[in-house]
Amino acid sequence: MTPILLDTDPGIDDTMAIFYAMADPALELVGMTTVFGNVYTPDGTRNALALCELAGLDIPVAEGAHVPLVQPQHPPADFVHGKHGFGNAALPDPTRKADPRPAHQFIAETLAARPGEITIVAVGPLTNIALALQHHPEITKTAKKVVVMGGAVRTPGNVSAHAEANIWNDPHAAEIVFSADWHVTLVGLDVTERIQCTPEDFAPMLRTSPECGALMNDAAAFYFQFHIDTKGLNACFLHDPAAIICAQQPELFETVTAPITMRVDGEQAGRTVEDSAGKTPPVTICVEPDAAAIKARFLKHLRSGVLP
Ligand code: RIB
Ligand code: CA
């Protein structure tokens, strides 16, 4: 069993990742923290709590940062994820409240309760993880490792020629996370854009998990339309699910190891540079996915009927 703490900006592919984490019996989702990016942070918190209620899972959700560390906030990616994060779909307001602690405190205390056991999986901008490092530097020792969905190392970005969205939304936070002395794995566009699902892949979930399947299919329809409109692709990228699968089964990814040097401003803001001459600790960079096996694992558990 792999315990994971998910830092997320839900978000349609975040929702796919959350459902997957809830459905795979090899994973223990110990809690979630929320951040801006695809949506404003309060919407992300609401979405995370609403997804827990829909799935019948009572885990803590702690709200995180509302703005980046240094730069002004970019607007949410509503053209990708809809105004509130589920495309044109919606969920009832959750009845449960968020954990009262700020995300960085929740992260530190959750890791400290099980030192060396829990993997942080960060699938949004890295602001909460950077704040946790600043306020609670011991997390470099209490976390097992950190898996980040973000970056574009040997491939173009998706918000600019150079930058991937999560890193671009807070490059200064990324610089802090990539400079710390802990084990970071980068699951960037180099691999996530090569793992794709079609509408037909999600349809069987309607039968096996009617409630979660209905939300997944309705939300994914918006996400597919974005990929059709912008890339002529009747499929979507499995960005955030790939990071979760990497946390549990890293052997499905070929990697290289090098320090990551950040570009934090200017035309290349958000660029993640593979820099063998860099002075920071090496990062494990995913460069080649076993896309068929990753997709098969993802769909197997989403369709297993574990979710309502
Ligand atoms: O670039 C892909 C990432 O940006 C994913 O985490 C997605 O949810 C968006 O936030
Ligand atoms: Ca995300």
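Between the beta carbons of Gln225 and Glu200, assuming R0 = 22 Å, the FRET efficiency works out to 0.90 to the nearest 0.05. A full extension of the chain between Lys300 and Met1 corresponds to an added length of 105.9 nm, given 0.36 nm per residue minus the alpha carbon distance. Modelled label positions at His74 and Glu267, each set 7 Å beyond Cα in the direction of Cβ, lie 1.8 nm from each other.
Computing Rg and the Kirkwood Rh from the Cα coordinates of segment 45-114 gives a ratio, Rg/Rh, of 1.02. Pairs of Lys residues in the chain, spaced 8 or more positions apart or belonging to different chains, with C-alpha separations under 22 angstrom: 5 in total.
Only protein atoms count toward the accessible area here, which uses a 1.4 Å probe; on the chain, the carbon and sulfur part of that area reaches 54 percent.
Rounded to the nearest 0.05, what FRET efficiency do His135 and Ala277 have when you use their Cβ-Cβ distance and R0 = 45 Å? Taking R0 as 45 Å, the efficiency between His135 and Ala277 is 0.90. Extension gain, His183 to Asn234: 0.36 nm times the residue separation minus the Cα-Cα distance gives 14.8 nm. Ordered by 1.4 Å accessible area with all protein chains kept, Lys295, Lys141 run largest first as Lys141, Lys295. Here the spin labels are modelled as points 7 Å beyond Cα on the Cα-Cβ line, and at Glu251 and Thr155 they lie 2.4 nm apart. Working from label points 7 Å from Cα in the Cα-to-Cβ sense, the Glu117 to Glu288 distance is 3.6 nm. Here the Karplus curve 6.51 cos²θ - 1.76 cosθ + 1.60, taken at θ = phi - 60°, turns the phi angles of segment 25-34 into couplings of x, 7, 10, 10, 7, 7, x, 10, 10, 10 Hz, with x standing for Gly and Pro.
When Tyr40, Tyr20 are compared by accessible surface with a 1.4 Å probe, the order from highest to lowest is Tyr40, Tyr20.
Explain nothing, just the number: relative contact order of the chain, from Cα pairs under 8 Å at least 6 residues apart, as a whole percent. Here the relative contact order equals 20 percent.
The radius of gyration of the Cα set in the chain, together with its Dmax, comes out at 17.4, 52 angstrom. When His81, His74, His135 are compared by accessible surface with a 1.4 Å probe, the order from highest to lowest is His135, His74, His81.
The values are calculated or read from the model by the stated rules, or taken from the named source; none is laboratory data. Here the structure is a predicted model, which is why all the values come from computation and not from measurement. Using ideal geometry, Cβ is built from the backbone for each residue, glycine included, and neighbour counts are taken over all protein chains shown. Heavy atoms of the whole protein, side chains included, go into the accessibility calculation; ligands, DNA and RNA do not. Shrake-Rupley method; radii C 1.70, N 1.55, O 1.52, S 1.80 Å.
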